[in-house]
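**Student:** Structure provided below as C-alpha cells; questions to follow.
The values are calculated or read from the model by the stated rules, or taken from the named source; none is laboratory data. Everything numeric in this text was worked out from a predicted model, so none of it was measured. Ideal geometry is used to build each Cβ from the backbone, glycine not excepted, and the neighbour counts take in all protein chains shown. Heavy atoms of the whole protein, side chains included, go into the accessibility calculation; ligands, DNA and RNA do not. Shrake-Rupley method; radii C 1.70, N 1.55, O 1.52, S 1.80 Å.
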Amino acid sequence: MILMHPFWQPYFGSDPHVLGQTVTLDAMPYTVVGVMPASFRFPGDADAQMLLPLRLSEASERVALRYE
C-alpha cells in the first residue's frame, strides 16, 4: 500500500520507518511501500487515505498469465 501524507502523519506519527511494515485491512495484509509527498493531490475532490493494489479474480489472473 501507499499512504497519503495527511493519513500517514496522525495514524503513523510521521514515522519514516513505516516502509516495509504490514498493515491489515479487512483481514488482508498489505505492506507499506511508500508515502506520497504532502504536495500530491488527486484531480477533483478525491480524498483517498491510501492506495491499494488491484486484486484480480482467479479467472482474470489465468487470462493475464496467458498473455505474458
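**Student:** Give the residues of the range 12-22 that are touching a helix residue (DSSP H, G or I) at 6+ places or on another chain (Cβ under 9 Å) and either open to solvent by 90 Å² or more (accessible area, probe 1.4 Å) or not charged (D, E, K, R) (or both), sorted by residue number.
**Tutor:** Result: Phe12, Ser14, Val18, Gln21.
**Student:** Could you list, in sequence order, the residues of the range 23-41 that are in a loop (DSSP other than H, G, I, E, B) and open to solvent by less than 80 Å² (accessible area, probe 1.4 Å)?
**Tutor:** Scanning the range 23-41 gives Val32, Met36, Pro37, Ala38, Phe40.
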